[in-house]
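To start, the structure under review is shown below, and the notes come after it.
The values are calculated or read from the model by the stated rules, or taken from the named source; none is laboratory data. These numbers come from a predicted model, not from an experiment. Note that each Cβ is placed from the backbone with ideal geometry, even for glycine, and that neighbours are counted across all protein chains shown.
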Amino acid sequence: MTTHKIDPDVDKAAMALLGDLMYSQNLRKFAFVKGVGAASREKPKRNLTTDPWFTSGLRVVLFFDRKPTPVSDIEILAWETTSEGRLQPSAVELQR
């Protein structure tokens, strides 16, 4: 049985991980693809242990390289966007 708690804001957790990996200088590019589908904060989905979680429904795809890549040179691939038509949540905000 699973015994750990998850962060219910899946997108926030993914963006924190993406930000950390950007500053590792081994991330070369990233994109978003359709995932499990959207789940709102008001109507969250639940995991096996009934913990609630919500998301825009997109997953991040990461491409790594052995040579260092400065944050300003990381390529953002526009594969998928949110239902609002923007990269999830805002790739530009990650580069600040």
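Residue by residue through region 14-73, note down the ones that are at negative phi and small (Gly, Ala, Ser). ALA14, ALA16, GLY19, SER24, ALA31, GLY35, ALA38, ALA39, SER40, SER56, SER72 - these are the residues of region 14-73 that are at negative phi and small (Gly, Ala, Ser). Taking first residues from region 61-81 that are free of Cβ contacts under 8 Å to residues at least 60 places away in the same chain and partners that are surrounded by fewer than 13 Cβ atoms within 10 Å (Cβ to Cβ), the Cβ contacts under 6 Å between residues at least 6 apart in sequence or on separate chains come to VAL61/VAL33; VAL71/GLN95; TRP79/VAL33; GLU80/VAL33; GLU80/LYS34.
Considering only residues that are closer than 22 Å to GLU80 by Cα and outside any strand (DSSP E or B), which ones fall in region 46-62?
Quick first cut of region 46-62, residues closer than 22 Å to GLU80 by Cα only: 53-62.
Residues satisfying the conditions are SER56, GLY57.
Residue-level check: of (1) free of Cβ contacts under 8 Å to residues at least 12 places away in the same chain; (2) charged (D, E, K, R); (3) part of a helix (DSSP H, G or I), LYS43 misses just (3).
Of the candidates SER83, SER56, the single residue that is among the small types (Gly, Ala, Ser) and at pLDDT below 65 is SER83.
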